[in-house]
Every structure is written in C-alpha cells, then in structure tokens.
Amino acid sequence: MYNSKYATIVSPNSQEPQFYRNTLRVRKHVTFNQVKGIFGFNESDSTGKIAFPAVQAVPSFSNTFPHIFGDRPDIFCLIPCAIDQDPYFRMTRDVAPRLGYLKPALLHSTFFPALQGPKGKMSASDPSSSIFLTDTPSEVKTKINKYAFSGGRDTVEEHRQHGGNTDIDVSYQYLTFFIEDDDRLAQIKTDYESGKMLTGELKAILIDELQKLVSEHQKRREAVTDELVRQFMTPRKLNFDTSRPGH
C-alpha cells in the first residue's frame with residue numbers, strides 16, 4: 001500500500017497558488033492552433049476543454065509543488081501513462097524548455113484488450129467487455145469462461161496437435177500483466193502453444209489470479225476512509241530529501 005509519508009494525491013481543483021501560476025504560464029505559451037492540431041479541438045468546443053491541457057501539464061514541473069520541492073525547477077519527472085495520454089505530454093515536452101523547466105519522461109503502458117479480443121472494445125456500459133474491480137468472484141469466473149476470446153483450436157484433438165495461439169488469446173495476454181514470475185509465464189506459454197494445456201485450463205489460471213487480485217483490492221478499498229483521503233490530499237512535505245543535487 002502507498003504510504004502517506006512518501007506519496008500524495010493532487011487535484012487541480014485544489015488551486016494551490018503555484019499550481020495555478022504554472023498553469024497560466026503554460027497557457028501563455030500554447031496557442032489555440034497548437035491545441036487544435038494536437039487534440040482535434042474546434043470552434044464549437046468549450047473554453048474549459050481547450051484550457052485543460054495546461055492543467056494536465058503542470059504536475060510535470062517540480063516547482064508546482066513548493067511544499068515538497070521548494071522552488072527547484074530542476075527535478076526530473078517520470079510519468080507512467082497509457083498511449084492515449086501521450087499528446088498532453090508531447091505538448092508539455094515542447095513547452096517546458098520555453099519556461100526554463102525540464103522535459104518530463106514517459107513510460108507508455110499497454111492497454112488491456114477487451115475480453116472479446118482485438119475486435120472488441122472495453123466499455124463501462126458493457127459489463128461483458130472487461131473485468132471490473134467491483135466484480136464478485138462468481139462474476140469474474142463467468143466473464144472469463146464465457147467472454148474471454150480464445151486462441152485455442154476448434155476441437156480438443158486439433159488443439160492437442162497444433163496448440164493454441166497466445167498472440168490472440170485474451171486469457172494469456174491478461175496473464176502477462178498479472179503473473180510476475182517470468183519462468184512460470186514462459187511455461188504457460190510453452191504448454192499452451194504445444195497443445196499440452198487446453199483453453200479451459202488456461203482460463204482457470206487467469207480466473208484464480210483475477211479473483212485474488214480483485215478480492216484484495218475490494219478489501220483494501222473498504223479500509224479507505226474520508227480521513228485517509230484527506231491525509232493523502234493535504235499539501236504537505238514528504239519524507240525524502242530534495243536538497244541534494246540529483247534528488
């Protein structure tokens with residue numbers, strides 16, 4: 001679990017003075033034509049929508065958080081994000097040198113595929129398209145068994161002979177996110193592609209992994225109180241030293 005001594009949650013709604021000042025500086029250096037070209041905005045979009053990219057940009061700059069980093073603008077920022085967030089931070093990397101700030105670095109994460117496979121699409125309005133963190137163990141099992149796209153063959157005999165295709169099998173692709181043991185994952189891949197492991201057996205492994213993960217998440221979520229949220233969201237100094245060069 002996160003420790004409030006070392007982590008904080010930031011909301012742009014808090015409107016900390018330096019957060020707001022940096023937002024104004026970014027807006028001054030990014031034109032409407034630029035955001036229109038980056039995000040596809042047009043004259044019918046609201047001013048709030050057009051102004052928002054600057055809000056997402058400023059947490060990249062260390063002096064946005066004076067209670068943590070003081071007025072230092074020279075602390076690097078590493079941003080793990082999905083590829084759909086990339087345009088915001090490409091804009092940020094473009095504007096940062098003009099403000100005298102460091103460019104943030106990005107780690108692009110991989111999207112989960114929809115349960116129905118590459119032709120499907122995850123949607124909150126379609127419960128069968130994904131596993132939700134509010135699902136019960138029974139719902140997890142049903143969704144995987146019923147909807148998870150299989151890379152297996154049409155018959156057991158064909159599967160034993162030719163093996164399954166892990167490149168399109170959603171259950172295997174999900175396991176690449178959740179199994180940290182590379183040797184175990186490699187063995188699952190070998191067994192499935194050789195035909196030794198059947199689709200049902202592969203799905204059973206995923207069901208077990210997801211049931212444990214979702215149940216643990218729900219348990220921890222129940223322990224979150226309003227006071228704990230306030231503790232994380234209150235601007236404060238964190239328990240690490242930023243006074244030394246390189247920190």
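Quick notes on this structure:
- A single member of ILE79, ILE75 is surrounded by 11 or more Cβ atoms within 10 Å (Cβ to Cβ), in contact with a Pro (Cβ under 6 Å, 6 or more places away or on another chain) and over 16 Å from ARG236 (Cβ atoms), and it is ILE79.
- Within the range 20-35, residues that are open to solvent by less than 70 Å² (accessible area, probe 1.4 Å) sit with their Cβ atoms under 7 Å from residues that are polar (S, T, N, Q), at 6+ positions apart or across chains, in these pairs: ASN22/THR64.
- Near pairs, Cβ below 6 angstrom, 6+ apart or cross-chain, from the range 95-110 (over 20 Å from ILE38 (Cα atoms)) to any residue that is of a type in the set (Lys, Arg): none
- Identity of the residue in the range 91-146, outside any loop (DSSP other than H, G, I, E, B) and at pLDDT below 95, that ends up least open to solvent (accessible area, probe 1.4 Å): SER129
- Once the range 1-15 is narrowed to residues that are in a loop (DSSP other than H, G, I, E, B) and open to solvent by 60 Å² or more (accessible area, probe 1.4 Å), the residue that is nearest to HIS217 (Cα to Cα) is MET1.
- Taking the numbered list (1) out of contact with any Lys or Arg (no Cβ under 7 Å at 6 or more places or on another chain); (2) under 24 Å from GLU209 (Cα atoms) in turn, LEU115 passes all entries but (1).
- Restricting ARG184, ARG230 to residues that are at pLDDT 95 or above, surrounded by fewer than 13 Cβ atoms within 10 Å (Cβ to Cβ), in a helix (DSSP H, G or I) and out of contact with any strand residue (DSSP E or B) (no Cβ under 6 Å at 6 or more places or on another chain) narrows the list to ARG184.
- Here the range 166-181 is the region considered, the condition is being out of contact with any Leu (no Cβ under 8 Å at 6 or more places or on another chain) and within 16 Å of GLY120 (Cα to Cα), and the residue that is surrounded by the fewest Cβ atoms within 10 Å (Cβ to Cβ) is ASP167.
- In the range 195-227, the qualifying residues are those that are within 22 Å of the chain's Cα centre (by Cα) and more than 18 Å from LYS141 (Cβ to Cβ), and the one that is least open to solvent (accessible area, probe 1.4 Å) is VAL224.
- Considering residues of the range 147-164 that are touching a Ser or Thr at 6+ places or on another chain (Cβ under 9 Å) and assigned to a loop (DSSP other than H, G, I, E, B) only, the residue most open to solvent (accessible area, probe 1.4 Å): ARG153
- Test: residue in the range 18-33 that is within 30 Å of TYR174 (Cβ to Cβ) and not acidic (Asp, Glu): no
Yes/no matrix, rows are residues, columns are (1) over 18 Å from PRO113 (Cα atoms); (2) not in a helix (DSSP H, G or I):
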{"site": "ILE188", "(1), (2)": "yes, no"}
{"site": "MET197", "(1), (2)": "yes, yes"}
{"site": "LEU202", "(1), (2)": "no, no"}
{"site": "ARG220", "(1), (2)": "yes, no"}
{"site": "PRO235", "(1), (2)": "yes, yes"}
{"site": "PHE240", "(1), (2)": "yes, yes"}
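The values are calculated or read from the model by the stated rules, or taken from the named source; none is laboratory data. No experiment lies behind these values; they were computed from the predicted model shown. Cβ sites come from the backbone with ideal geometry, for glycine too, and all protein chains shown count toward neighbours. Each accessible area value is taken on the protein alone, full model and side chains, heavy atoms only, with ligands, DNA and RNA left out. Shrake-Rupley method; radii C 1.70, N 1.55, O 1.52, S 1.80 Å.
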